[in-house]
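Single-structure report; data block below.
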Amino acid sequence: MVFKRSPRGSAVLLLSAVFITLGIVGSSQSELPLLYLGVGLLIYYYVSKLVLELKISAVNRLQVARDLPARIDEDEKADVTVSMINSTFLRIGAEVLDNYPPFCRLSSGTNVAIVNIPAKGFSRLGYSLSTTSVGTQKFGPLRLLVRDIAGLFFYERDIDIQSRMEVTPTGGEIPRGALAGLALATYGGAVTSRRKGEGFDFADIRKYQVGDPYKRIEWSSTARSRQLMVRENSLETQLNVMVALDVTETMAYGEAGQTKLDYSARAVASLARYLATRGDSMGLTLLGGTDSSQVIPLAHGRVQVTRILRTLSGLTFAPNDPRAVDTAVRRAIAFGNIKGRALFLVITDLDSDVDLTPLRQLLAMKHEVILISPYTPLFEAHGLKGLDQVLYAVNTAHQRIARRKLLKDASRIGVKVFDVGPKDFFPKIIARVEDLRRMGGS
């Protein structure tokens, strides 16, 4: 809270002092008006201060609330309403500034206004926001600025209203194109594995063996070959996919709404919907600090998709942690409801030092491990010019040293790494998933 004298107030105080001095030291009767003027200005100065202090007491008793949706999709608009209730007998005129999140854009209305709050009444300020990034968006304090009539003094107060909005990735288009639709069209049919068993798609005909069910006897082939022949179908496979998503600070690199984490969250949302249509199971764990390392156990269906989307909508960045992978792997094994083999999709940019050796443990347990790495230059290089481009090249060169080391570590322990950019993020993930399905699933 700030109560200050404005430059205009300082000028009025100085003028009153000058006029009073001239009126006192003047020897003639003509200087008396200057004395009266100086005294009048001084009285007006202190009366204005007293009136503003009364308004300040009313401002400090204001009841302020911010109304907004708790969760929206990233392609929706959020309507925000700020209500100010005045319970005193003084009318309050104030300049209001509502600090909305930095990754939101003003769509309609205004977050800055001069409002008149009547005595024993209320006023409202409304506006709409469009979002650029997924995850948790936190609102700042509401700032009130009150002045006296002449603008000699002003009073600033920041009202901390705890407000947050979770933005859910839609995952429909990545980005704003038909890449997701193309991937779904490519792999949208029934994808069967090389394994044979109780399926619906024809695979082969072979001789009858003791124990084969009679319902699988192929009578037309039996008649031609004069031997009992049975029909074999392709075994329909279901996948267990556990996604480990990096939410550390380096994933925030890129333009607002086009960071590596934004694209990663959209890809995970699309993957969750895609696997749900296939009847596959999916889980999610986060790579980050202790507080953000959580696990959604493997499950399937629409309810599981909702759980994953809610987790993605509440993403917040965590500090870089060398033990992030180890923590996530341990928690996934302990709480991930993993039974049998699973596909671990580790999405991390490899721009900070992390220990990848825990992935060897997953390989030893016969799980499949694929590391999907958003390549930073593909997300940041466009649009840079001049000095920004030079500084970016220097920073990227430093990051490549750490990245090259991690790539060697991943190769040494037998983990496949695929670099992805904004245009091929989701299709590459789907390609890896369906390749595993053809090899027999997990």
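Some points to look at:
- One residue stands out in segment 310-331 among those that are under 18 Å from the mean Cα position of the chain (by Cα) and buried (at least 24 other Cβ atoms within 10 Å of the Cβ): the one that is farthest from Ala267 (Cα to Cα), namely Leu315.
- Scan of segment 325-337 for residues that are hydrophobic (A, V, I, L, M, F, W, C) and within 14 Å of Val243 (Cα to Cα), ordered by number: Val325, Ala328, Val329, Ala332, Ile333, Phe335
- Condition met for Leu37 (modelled with pLDDT under 85, outside the structural domain of Glu156 (by TED's automatic domain parsing) and over 25 Å from Leu144 (Cβ atoms)): no
- Failed item in (1) buried (at least 17 other Cβ atoms within 10 Å of the Cβ); (2) in the same structural domain as Ile149 (by TED's automatic domain parsing), with Ser87 passing the rest: (1)
- Of the strands (runs of 3 or more DSSP E) entirely within segment 1-107, those holding at least 2 residues that are farther than 30 Å from Ala269 by Cα occupy 2-5, 63-67, 77-86, 92-98.
- Taken over segment 1-32, the criterion of being modelled with pLDDT under 85, surrounded by fewer than 14 Cβ atoms within 10 Å (Cβ to Cβ) and either closer than 23 Å to Val146 by Cβ or not assigned by TED's automatic domain parsing to the domain that holds Leu50 (or both) is satisfied by Met1, Val2.
- Arg273 vs. criteria within 17 Å of the chain's Cα centre (by Cα), of a type in the set (D, E, K, R) and part of a helix (DSSP H, G or I): no
- Any hit, segment 293-306, residues being in the same structural domain as Ser373 (by TED's automatic domain parsing) and at positive phi: yes
- Within segment 332-383, tally of residues that are crowded, with 20+ Cβ neighbours inside 10 Å and either of a type in the set (S, T, N, Q) or in contact with a Cys (Cβ under 9 Å, 6 or more places away or on another chain) (or both): 4
The values are calculated or read from the model by the stated rules, or taken from the named source; none is laboratory data. Just so it is clear, the model here is predicted, and its values are computed rather than measured. Quick reminder, even Gly has a Cβ in these numbers, built from the backbone with ideal geometry, and neighbours come from all protein chains shown.
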